[in-house]
Amino acid sequence: MGIRKEKRSLITKATSMMILSGSLLITANNQEAYADTASSQSYIKSTIQKGTVYNCGSLNVRKGPGTSNSIITKVYSGNTVEIQEKNSNGWYKIKTPNGQIGWVSGAYIRLASNNNQGSSVASSQPTQAINKNGVVYNCDSLNVRKGPGASNSIITKVYSGNSVYIQEKHSNGWYKVKTSNGQVGWVSGSYVKIQESNNNQNNNQNNQVTNNNKAKKIVDLAHKQLGKPYVWGAEGPSSFDCSGLTSYVYKNGAGVKLPRTSKSQGTVGRYVSKANLKPGDLVFFASNGKTINHVGIYIGNSKMIHSPKPGQNVRIDSISSGYYAKNYFTARAVL
């Protein structure tokens, strides 16, 4: 910046300086002077303070104050950074949590309060401990990723109705979870419901006991149908087709009315993975790999009770070998 000789003495006595319309306004001893700036990219030195990245998943840290500069690294929503300078175009020179220096857009930085900076910094930590059980819901399957964001690679999947242990919550709403098989990763919190405690938890436990009792009645009633013949369109009590058997058993064993066809029954309840099947769940098969055309009642130990086809009777078969292993399609928990 160019400063005329007669103005220089004011700078050493300056009580304030600011940039207005491309000029530096210097105030000292009630006198004001302007100095032309060399360019609109002048820097305003500021007191070092803390800020928090917000309103974005990740924020590019660049070599200079503008998007035309190359990217050095990234910081993420909830990260705390040290702000060293502010550029007149609204960009901040920052120090990242791992010590790298670069520039970011100030639009994505929330400054910590000077009067309560300590508490602001503490509250801006990227994660917080949760340590509660959760249930996957509102989706068929949910990707578990290496980090808290959709750009991270997938480790495994969890399915609707699966239980997970929530260890941490990231500031962007993602949960660090431990799956039932012990894998640890991150999932979107939009698809995980934290299990309630106290009275709500007691209610859930009571409901679970009730559902367990209904499941036992379903399995017991299914056993009583063994040996009865398959008849297409039959709904019992002396003969059944596959979905006629499941409809009869659910209605009379648990008071639950199911849709009439196996394909329609495949839309009720919630998805259950094969590894998490419980007695009383419905298991479905698709001989063409696409369309459900058979249903049975899971009874535990990889076995089901079902009404197979014309010429055969209601019987027990394994879902983990032979035809039924090959054509297994999905399962639903209705209770």
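The values are calculated or read from the model by the stated rules, or taken from the named source; none is laboratory data. Remember, it's a predicted structure, so these values are computed and weren't measured experimentally. Positions of Cβ are generated from backbone atoms using ideal geometry, with glycine treated the same way; all protein chains shown enter the neighbour counts. Surface accessibility is based on the protein's heavy atoms, side chains included, excluding ligands, DNA and RNA. Shrake-Rupley method; radii C 1.70, N 1.55, O 1.52, S 1.80 Å.
Net charge of the neighbourhood of A325, taken over other residues with C-beta under 13 Å away and scored Lys/Arg +1, Asp/Glu -1, is +2. Between Y328 and D220, full extension at 0.36 nm per residue minus the direct alpha carbon distance yields a gain of 36.5 nm. In the full protein context, region 215-298 carries 47 Å² of accessible surface per residue, based on a 1.4 Å probe and ignoring ligands, DNA and RNA.
With every protein chain in place and a 1.4 angstrom probe, the accessible-area ranking of D220, D317, D140, largest first, reads D140, D220, D317.
One decimal place: the segment D140-E235 gains 31.2 nm when fully extended, by the rule 0.36 nm per residue minus the C-alpha distance.
How would T267, T291 line up by accessible area, probe 1.4 Å, largest first?
On the way: T267 100, T291 60 Å².
My answer, sorted largest first, is T267, T291.
Placing dummy labels 7 Å off each Cα toward the beta-carbon, the span from I71 to A107 is 1.7 nm.
Placing dummy labels 7 Å off each Cα toward the beta-carbon, the span from K132 to T156 is 2.3 nm.
Surface composition of region 290-335: carbon plus sulfur atoms contribute 46% of the solvent-accessible area (1.4 Å probe, protein chains only, all chains present).
How do F284, F329 rank by accessible surface area computed with a 1.4 Å probe, from largest to smallest? The partial results should precede the final answer.
Working: F284 0, F329 85 Å².
These residues rank, largest area first, as F329, F284.
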